[in-house]
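The values are calculated or read from the model by the stated rules, or taken from the named source; none is laboratory data. Everything numeric in this text was worked out from a predicted model, so none of it was measured. Heads up, the Cβs are rebuilt from the backbone with ideal geometry, glycines too, and the neighbour counts pull from every protein chain shown.
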Number of protein chains: 2
Amino acid sequence: MAAKVKKKNTKTYPIIKIFDGVKNASKDEVVAEKPLTIYLNNQKIATLMCTPQEQKYLAAGFLFSEGFIKNSGDIKRIAYNSPKEEVKVFSRKKIKISGHILQDQTFTSGCGKNKSFLKIEDLNLLEDVLINLEFTLSSKEIIKLMKKFELKSSVFKATGGTHSSALANKEKILLFKEDIGRHNAVDKIFGECLLKKIPLQDKLLLTSGRISSDILLKAHRAKINLIVSRSAVTSLALELAHRLGITLIGFARGKRMNIYTYQMRVLE
Amino acid sequence: MAAKVKKKNTKTYPIIKIFDGVKNASKDEVVAEKPLTIYLNNQKIATLMCTPQEQKYLAAGFLFSEGFIKNSGDIKRIAYNSPKEEVKVFSRKKIKISGHILQDQTFTSGCGKNKSFLKIEDLNLLEDVLINLEFTLSSKEIIKLMKKFELKSSVFKATGGTHSSALANKEKILLFKEDIGRHNAVDKIFGECLLKKIPLQDKLLLTSGRISSDILLKAHRAKINLIVSRSAVTSLALELAHRLGITLIGFARGKRMNIYTYQMRVLE
């Protein structure tokens, strides 16, 4: 896709576009994804994965939405440190940040504030990932699977309000899940595989939702090597897929798809 | 929308449909949203907002994705308690759940695992919400605003990978934000309003994303009375909007929209 947009909000990468079985080298503009760490009175409150613009507004809005600050009068000073990707907020009055609140986990279905125990820093341990390129399939097989995937989304058809996720081999869809949460739909797949001891290395993960870094890390943990989405990917997901040996495919719709990484697993 | 789907995954509500300025009483099937609490060896790990099906798979997959369990052999027993909406997982070996991991907040852009400090239980304090119905506008004003809203989404047009959010009065869009996270886009609005002391009671919140309970609670905290989305709403968001006096509008596309609650604020 192409439109006029501030450069730091997107990144352009060389990709492979497939239409009706034919590969072409191309470029794609991908939304930028970066971590932003928010401090309140020098105490770390959260790290959000976000689009890197208006970081001060994001930090103030986050602290307000989560109940740490009540109104503009509560904020004494707010400072954004660009190289560190940090916003430091200082309040006029002392604010009690109880350990209890920070420990009591409530996860909800929203995009944008996904608490994840899996850290990007953990990847330093994973630099020597062995990349196995033996599993290959044709773009036509992917197109057929995505068609079947879309036909299965009954809750989405009824309500327009869910994400879908599926596990497939080359021939067919093996598991299919729907949930209000992009992550929940994927976790339901991994949970069933775990309880039924279904191996994942030689399977594809299909999803209706965008692929951000958190979904990519989750798939890597499950040993998935190939992810196909109907939607977009973020810059950080793409860069992690490179490092982790994952074939990342986005905008798989009709006879089209964009292959962002490890295109050699997909035959024409 | 309508299709054949398991009943517990959706709920049907009476709504008002508007097409080209004309109101009609109708019904809409909305995706069910419920909390699920996950325990590991009797310690509470997380409460997820989810679609209420395959709860055991969700719990096992969540614990796997977040690194608490490594493989199927780690699980000794898993039990779902339907009335309590709880899954209890017991591991074969002792698993250390460090307070440090639970306290170190990393929020990412995913749907489905949104850590929120704002609790649904807090609403018990809010039962005597004063509902002010003075602010009204016409459906044609909403249609015009949504048209302008869509024209503004430059990062989305370039990448297909973002959510948009805007603050508007009857006449025009006042603030516009884009982010990979549905929540971040809304928090950027609230942050700017906070820092610039812009009151929110007489404004509309426009969003490209789905309205789940977490977004609704966030808007309530900011004193927003009218939310318009291009996308779907969840059952819990709709029920909370009823309790909190918020006009909730979904599927606002072209000349159409669905009004889920407090339709009296929208004139024909």
Any chance the range B:138-153 includes a residue that's part of a strand (DSSP E or B) and either over 20 Å from B:VAL31 (Cα atoms) or at pLDDT 95 or above (or both)?
yes
Test: residue in the range A:221-232 that is over 16 Å from A:TYR262 (Cα atoms), in contact with a helix residue (DSSP H, G or I) (Cβ under 8 Å, 6 or more places away or on another chain), basic (Lys, Arg) and surrounded by fewer than 23 Cβ atoms within 10 Å (Cβ to Cβ):
yes
Here are A:SER154, A:SER208, A:SER229: which of them is among the hydroxyl-bearing types (Ser, Thr, Tyr), touching a Gly at 6+ places or on another chain (Cβ under 9 Å) and either in the same structural domain as A:PHE135 (by TED's automatic domain parsing) or more than 23 Å from B:PHE62 (Cα to Cα) (or both)?
A:SER229
Would you mind telling me which numbered condition in (1) surrounded by fewer than 20 Cβ atoms within 10 Å (Cβ to Cβ); (2) touching a helix residue (DSSP H, G or I) at 6+ places or on another chain (Cβ under 9 Å); (3) at negative phi A:SER213 fails?
(1)
Give the residue that is nearest to A:ILE143 (Cα to Cα), with candidates limited to residues of the range A:8-35 that are free of Cβ contacts under 8 Å to residues at least 60 places away in the same chain and touching a Phe, Trp or Tyr at 6+ places or on another chain (Cβ under 9 Å).
A:LYS27
Return a yes/no flag: does the range A:7-22 have any residue that is charged (D, E, K, R), assigned by TED's automatic domain parsing to the domain that holds A:VAL228, assigned to a strand (DSSP E or B) and surrounded by fewer than 16 Cβ atoms within 10 Å (Cβ to Cβ).
no
Across the range A:232-251, what is the number of residues that are touching a Gly at 6+ places or on another chain (Cβ under 6 Å) and among the small types (Gly, Ala, Ser)?
1
Checked B:SER231, B:SER165 against criteria (part of a strand (DSSP E or B) and hydroxyl-bearing (Ser, Thr, Tyr)); the one match is B:SER165
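Residues are listed down the side, and each one gets a yes or a no for (1) touching a Lys or Arg at 6+ places or on another chain (Cβ under 6 Å); (2) closer than 17 Å to A:VAL186 by Cα; (3) modelled with pLDDT under 55:
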| position | (1), (2), (3) |
| --- | --- |
| B:ALA60 | no, yes, no |
| B:PHE64 | no, yes, no |
| B:GLU86 | no, no, no |
| B:ARG92 | yes, no, no |
| B:HIS100 | no, no, yes |
| B:LEU118 | no, no, yes |
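Yes or no, residue by residue, for (1) within 25 Å of A:LYS144 (Cβ to Cβ); (2) modelled with pLDDT of 95 or more:
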position	(1), (2)
A:LYS188	yes, yes
A:LEU200	yes, no
A:LEU217	no, no
A:ALA252	yes, yes
A:ARG256	yes, yes
A:LEU267	yes, no
Do the conditions hold for A:LYS44, that is, is it more than 7 Å from chain B (Cβ to nearest Cβ), among the charged types (D, E, K, R), without any contact (Cβ under 8 Å) to a residue 12 or more places away in the chain and not in a loop (DSSP other than H, G, I, E, B)?
yes
Do any residues in the range B:188-203 that are assigned by TED's automatic domain parsing to the domain that holds B:THR162 and buried (at least 24 other Cβ atoms within 10 Å of the Cβ) have Cβ atoms under 8 Å from those of residues that are among the hydroxyl-bearing types (Ser, Thr, Tyr) and modelled with pLDDT of 95 or more, where the two are at least six apart or on different chains, and which pairs are they?
B:LYS188/A:TYR57; B:LYS188/B:SER165; B:ILE189/A:TYR57; B:ILE189/B:SER165; B:GLY191/A:TYR57
Positions within the range B:177-210 being facing chain A (nearest Cβ under 9 Å), out of contact with any Asp or Glu (no Cβ under 8 Å at 6 or more places or on another chain) and closer than 14 Å to B:SER165 by Cβ, in sequence order:
B:GLU178, B:ASP179, B:GLY181, B:ARG182, B:ASN184, B:VAL186, B:ASP187, B:ILE189, B:PHE190, B:CYS193, B:GLY209, B:ARG210
Exactly one condition in (1) away from chain B (no Cβ under 11 Å); (2) under 21 Å from the mean Cα position of the chain (by Cα); (3) assigned to a loop (DSSP other than H, G, I, E, B) is not met by A:LYS170; state its number.
(2)
